[in-house]
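The block underneath contains the structure these notes are about, expressed in structure tokens.
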């Protein structure tokens, strides 16, 4: 059975809060509010994956600083004779494709242009670079274009945060009224490598996938996401001066796609990528420090080729799918995080489990399936529900503790409420305290002359006077852990050991002694309050206390107004008999009296002076119960009982 099972109002409140939060997150995602964070989560996944093993046959030939030093010219002034020699030597070494990330858009000397054209034509497997700008197009000279195998677009555009994560699939070039599509350089190289004999038709299977011959290219917002194998320097490379001068082993390039380009910062072809810094090595050389947070354009195109040839093209969850996942996760959070958990610990456990599932799914899909699952909106759903559920659980705790206090009438010590709350799984069946046998001590505080005082006070002074006594006595009762069951003009009743016994090793004894201590403290407090009202000539309030320890049954009873805690049994009957006996003995004083049954005295030991003053019948009528007066140490007898004993 549920403990404090949530009523319909509470459940609808939780469902409404969850639905509202899920709706807000759906709206934020719809307008792109999570995109910046989502891109950074993608970067983290890329970094966690580390450097991958290269399987496709891809190599780099770089116009680097050492080439400039060896040839004695600036990187931007490398002659076309050097490029021609590079192409010639690569072709002779058996390179499958030679991809030039160099713009041959301007004429130089006829001898150099002619030599470059000749080497391009003779190699027969050269792909040239092309740039299509908004104001200027940088296209290869016609002589080179006609000699080459094909062209590829070198345009790249970083995302709004300055990080380059993908390259465009293609660009368009108008020739008269017709538009000629130009594939990105890396895509074109992969197409030529796979489909050199199988055709090159371009088919858009969907907005997120295109088929070029037998090459499948996943798209994300019309871009090919680069599945980087590692930071700058992860792909094997040689300096261009070595290749141009033939100082390399021919087996190094045989059957491979070789990209020729520059990685010199002065040529401004560097871009930030979603990978950390790392040391890298050139083939056969000593370690070289490379700023791997950036990557040269030629390396980016090489990574595009590797992404496609190794079948690691990155797909991203569609907008529709993310919307569905947000809605489903919101519903799951409503059930498992808000409605089901018992307390804040349950909220934490449920949230951690769901977060672990989401994060593990995102990491596994990315590492093994190259799938980019949007994780930020899902974590936003979890975090939002966690915060909301924590507040919701605290609200329920406050409300249900209030229900506890209402169930126990006027007053319940916060200490007892907390103990009862912690043990609610044992004591409660729904909103009802399960009836259970108890051994408890009942304290009755009687106001003997309340009626006289009420008649003597004016209307405007009665409530302040009564309020001072009630507030003062409430402060006294609080530390002792008793439960006030009845608070009336003629007095009040306090249970010690109900609904929970003391947490000590001998709870009955502890409760009995607490009741006696409380009785004397009540009398002292009333005496002090009486003195404070003497100046206003208010008669002193006469009070006496009665205690009895015995067995009873405590539990909830239901009525039209809800649930109320009730104690019945021997202990209640005997405290009534003790009260009747005290009222019927005119020799007893009307104030400052602490009377107790024999059962209570047996638990007091030598802490207080006790004196027998009479007998009453048991509530079943089968025997006698001795009655005692309890006095604090140092006090003297004040009257003679009806038995003639000096007390």
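Of the residues in the stretch 2-14, at least one is exposed (fewer than 13 other Cβ atoms within 10 Å of the Cβ) and either in contact with a helix residue (DSSP H, G or I) (Cβ under 6 Å, 6 or more places away or on another chain) or within 30 Å of residue 376 (Cβ to Cβ) (or both).
Among the candidates 357, 364, 349, the residue that is under 30 Å from residue 54 (Cβ atoms), part of a helix (DSSP H, G or I) and out of contact with any helix residue (DSSP H, G or I) (no Cβ under 6 Å at 6 or more places or on another chain) is uniquely 364.
Scanning for something farther than 16 Å from residue 301 by Cα, more than 48 Å from the chain's Cα centre (by Cα) and modelled with pLDDT of 85 or more, does the stretch 182-204 turn up at least one residue? No, the conditions are met nowhere in the stretch 182-204.
Residues of the stretch 214-228 that are part of a loop (DSSP other than H, G, I, E, B) and in contact with a strand residue (DSSP E or B) (Cβ under 9 Å, 6 or more places away or on another chain): 219, 221, 222, 226, 228. Has the stretch 139-154 got any residue that is over 16 Å from residue 239 (Cα atoms) and modelled with pLDDT under 90? Yes: one or more hits.
Scan the stretch 76-96 for residues that are touching a strand residue (DSSP E or B) at 6+ places or on another chain (Cβ under 8 Å) and farther than 23 Å from residue 186 by Cα and report the count.
In the first step, residues of the stretch 76-96 are kept if they are touching a strand residue (DSSP E or B) at 6+ places or on another chain (Cβ under 8 Å); the result is 78, 83, 86-87, 90-91, 95-96.
Next, only the ones that are farther than 23 Å from residue 186 by Cα stay: 78.
Residues in the stretch 76-96 being touching a strand residue (DSSP E or B) at 6+ places or on another chain (Cβ under 8 Å) and farther than 23 Å from residue 186 by Cα: 1 in total.
Scanning the stretch 232-275 for residues that are closer than 26 Å to residue 194 by Cα and assigned to a loop (DSSP other than H, G, I, E, B) yields 232, 233, 234, 235, 236, 249, 253, 254, 255, 256.
So if I check each of 36, 12, which one is without any contact (Cβ under 8 Å) to a residue 24 or more places away in the chain, part of a helix (DSSP H, G or I) and under 30 Å from residue 320 (Cα atoms)?
Working: 36 fails: without any contact (Cβ under 8 Å) to a residue 24 or more places away in the chain.
When all the criteria are applied, what remains is 12.
The residues on offer are 136, 161, and the sole one that is touching a helix residue (DSSP H, G or I) at 6+ places or on another chain (Cβ under 7 Å), surrounded by fewer than 16 Cβ atoms within 10 Å (Cβ to Cβ) and over 25 Å from residue 239 (Cα atoms) is 161.
Taking the stated definitions as given, is residue 41 surrounded by fewer than 18 Cβ atoms within 10 Å (Cβ to Cβ), under 55 Å from the mean Cα position of the chain (by Cα) and in a helix (DSSP H, G or I)? So residue 41 does not fit the description; no. Elements of the type strands (runs of 3 or more DSSP E) sitting completely within the stretch 578-647 and holding at least 2 residues that are within 59 Å of the chain's Cα centre (by Cα) and either surrounded by fewer than 17 Cβ atoms within 10 Å (Cβ to Cβ) or at pLDDT 75 or above (or both): these cover 593-597.
Between 48, 30, which is in the same structural domain as residue 333 (by TED's automatic domain parsing) and either within 35 Å of the chain's Cα centre (by Cα) or surrounded by fewer than 20 Cβ atoms within 10 Å (Cβ to Cβ) (or both)? Walk me through it before giving the result.
Details: 48 fails: in the same structural domain as residue 333 (by TED's automatic domain parsing).
Every option except 30 fails the conditions.
Restricting 255, 261, 213, 233 to those that are within 41 Å of the chain's Cα centre (by Cα), closer than 30 Å to residue 92 by Cα and either in the same structural domain as residue 131 (by TED's automatic domain parsing) or loosely packed, with under 14 Cβ neighbours inside 10 Å (or both) reduces the list to 233.
The values are calculated or read from the model by the stated rules, or taken from the named source; none is laboratory data. Just so it is clear, the structure is predicted and the values come from calculations on it, not from any experiment. Neighbour counts are summed over all protein chains in view; Cβ atoms, including those assigned to glycine, are modelled from backbone coordinates with ideal geometry.
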